[in-house]
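Below you'll find the structure, written out as structure tokens, and then a few comments.
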Amino acid sequence: DIYVLHSASEAFPNTLLEAMACECPCLSTDVGVVKNLLSEDEIIEVGDSNAMASKIEKILSLPEDTRKAMGIRNRNIVQAHYAISSVVRQYEKKYADIIS
């Protein structure tokens, strides 16, 4: 129903990307690159368990179509920025810049 990353520290949370790719609504603590992945409404300060519980309740109380739309948006973010074809293009550009 919802994926929650409650880490105290992360660099690049692969499990969050996997949940996003599965069209799951997500919440996360403010760790690593999470601000590049989720909206501000889906990010909680590390250690704020009350805010986490409140946000979980809020998302679970949303209409199903709203939660579905959140999941679709998450998948679109992953496909646009982290699909293997996108990653390959980014590496190719970096190597081309190094060579030239």
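Quick rundown of the values:
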| read-out | value |
| --- | --- |
| Charged-residue dipole, Cβ positions (Lys, Arg, Asp, Glu), the chain about Cα centre, Debye nearest 20 | 380 |
| Residues whose placed amide H lies under 5 Å from that of G32, excluding near-sequence neighbours | E10 |
| Net charge over other residues, Cβ less than 15 angstrom from the Cβ of L60 (K, R count +1; D, E count -1) | -2 |
| Solvent-accessible area, 1.4 Å probe, carbon plus sulfur percent, for the chain | 54 |
| Most mobile listed residue (E42, E57, E18) in the chain, GNM with C-alpha springs under 10 Å | E57 |
| Heavy atoms of E64: accessible area, 1.4 Å probe, square angstrom to 10 | 140 |
| For the chain, with +1 on Lys and Arg beta carbons and -1 on Asp and Glu, the positive-most of A51, L38, S7 along the dipole | L38 |
| Solvent exposure of the chain as accessible area per residue, Å², 1.4 Å probe | 65 |
| Anisotropy class of the stretch 43-100 from Cα gyration tensor, a/c 1.5 cut | oblate |
| Radius 12 Å from Cβ of Q79, net charge of other residues (Lys, Arg +1; Asp, Glu -1) | +1 |
| Label selected from (1) 46, 22, 18; (2) 52, 30, 18; (3) 42, 39, 22, the criterion being Cα extents along the principal axes in Å as computed here | (2) |
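The values are calculated or read from the model by the stated rules, or taken from the named source; none is laboratory data. Just so we're clear, the structure is a prediction, and the values are computed from it rather than from any experiment. Backbone-built Cβ (ideal geometry, glycine too); neighbour counts: all protein chains shown. Please note that ligands, DNA and RNA were not included when accessible areas were found on the heavy atoms of the full protein model with its side chains. Shrake-Rupley method; radii C 1.70, N 1.55, O 1.52, S 1.80 Å.
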